[in-house]
Amino acid sequence: MAEHADFYLRFWGVRGSVPCPGPATVRYGGNTSCIEMRCGGRLLIFDAGTGLRLLDGSLGEGPVEADLFMTHTHLDHVCGWPYFTALTRPQTRLTAWAGHLKPPHTLASVLDRFLRDPVTPVHRDNVAAEIGWRAFAIADTLTPHDGITVKTALLNHPNTACGYRVEYGGRSICYVTDTEHVPDEPDRNVLGLIEGADILVYDATYTDAEFPKFVTWGHSTWQEGVRLSDAAGVKTFVAFHHDPSHDDDTMDGIAAELERARPGSVVAREGMVLAP
Ligand SMILES: [Zn+2]
Ligand SMILES: [Zn+2]
């Protein structure tokens, strides 16, 4: 079982833009971006969309020690932040990383906006945890803990976003969302980041057929993910950040096409666990 591996990821939210719960999305899930990654005994969290509420619930009532890496702070990636109840426990230790913000913005100041009247009754005074805020420059290589290397790369997205590559025990998982490609010009930043990766989780909001209508919106397609994976020698491609208008039947169709295009590829679903 993948969850018995010492290096794996679990999807708690796989949607982009806005949560889309309902009978048409029960199989793939309606929560927005949040990924749990385990590296040995360490917990790494990527993005704080509504999936974070479910991850939080799985962590129990005790103190939590984790690193949170933000791709960026658009609403779909931060709207789970007020529901991260582990932060109300004083023994919790969170290190929160972001590279996409420029002064005067900091990750602390942006996330604080969600813990304020009159936006929410969950006030920042409720946060008892010790939070270490870590700003970095995109393209930096980070070492959050011994044996865990996190490489970063600039993505093509309004207000900027950061892609990640986590290396642990000689294997690698890349998390590359939200980003827009330029047709016929493979993104060199992305190619450099994902070279030879075991798993690539990629912004597959649209199909190539839909893409022309959404140029400048900052997203990509599963077909571009396949092209990048082939060019970079990625082992397993994972389509992620599904458009909220893509219901389960649409996603089944995409999964079937993806399997024909690149056998062994995966369409991310809530609750899915993958190990490299
Ligand atoms: Zn997004
Ligand atoms: Zn975004």
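Does the stretch 134-142 contain at least one residue that is of a type in the set (D, E) and either within 22 Å of W12 (Cα to Cα) or within 16 Å of ligand 1 (Cβ to nearest atom) (or both)? The answer is no; no qualifying residue exists.
Could you list, in sequence order, the residues of the stretch 206-225 that are more than 18 Å from the chain's Cα centre (by Cα), part of a helix (DSSP H, G or I) and not charged (D, E, K, R)? If the condition is that a residue be more than 18 Å from the chain's Cα centre (by Cα), part of a helix (DSSP H, G or I) and not charged (D, E, K, R), then F211, P212, F214, Q223 are the ones that fit.
Do we have any residue at all in the stretch 92-105 that's farther than 22 Å from R42 by Cβ and buried (at least 17 other Cβ atoms within 10 Å of the Cβ)? First the steps, then the outcome.
If we filter the stretch 92-105 for residues that are farther than 22 Å from R42 by Cβ, which is where we start, we get 100-105.
If we keep only those that are buried (at least 17 other Cβ atoms within 10 Å of the Cβ) as well, we get 100-101.
Scanning the stretch 92-105, I find at least one residue that is farther than 22 Å from R42 by Cβ and buried (at least 17 other Cβ atoms within 10 Å of the Cβ), so the answer is yes.
Condition test on T250, is it within 21 Å of the chain's Cα centre (by Cα) and of a type in the set (S, T, Y)? Spelling it out, it is not the case that T250 is within 21 Å of the chain's Cα centre (by Cα) and of a type in the set (S, T, Y). Considered as a group, the residues in the stretch 177-193 that are more than 17 Å from the chain's Cα centre (by Cα) and part of a helix (DSSP H, G or I) include one that is surrounded by the most Cβ atoms within 10 Å (Cβ to Cβ), and that residue is N189.
Across the stretch 231-276, which residue is most open to solvent (accessible area, probe 1.4 Å) among those that are over 19 Å from D198 (Cα atoms) and of a type in the set (V, I, T)? So, considering only residues that are over 19 Å from D198 (Cα atoms) and of a type in the set (V, I, T), the one most open to solvent (accessible area, probe 1.4 Å) is T250.
Looking only at residues in the stretch 198-225 that are among the aromatic types (F, W, Y) and open to solvent by 40 Å² or more (accessible area, probe 1.4 Å), which one is farthest from ligand 2 (Cβ to nearest atom)?
Going residue by residue through the stretch 198-225, those that are among the aromatic types (F, W, Y) are 202, 206, 211, 214, 217, 222.
Imposing the further condition that a residue be open to solvent by 40 Å² or more (accessible area, probe 1.4 Å) reduces the set to 214, 217.
On the way: F214: 13, W217: 9 Å.
Out of the qualifying residues, it is F214.
Residues in the stretch 155-176 that are open to solvent by 10 Å² or more (accessible area, probe 1.4 Å) and more than 16 Å from ligand 1 (Cβ to nearest atom): R165, E167, Y168, G169, G170, R171.
The values are calculated or read from the model by the stated rules, or taken from the named source; none is laboratory data. Quantities reported herein were computed from a predicted structural model and do not represent experimental measurements. Here the Cβ is made from the backbone with ideal geometry for all residues, glycine too, and neighbour counts use every protein chain on show. Just so you know, the surface numbers come from the protein's heavy atoms only, side chains and all, with ligands and any DNA or RNA stripped out. Shrake-Rupley method; radii C 1.70, N 1.55, O 1.52, S 1.80 Å.
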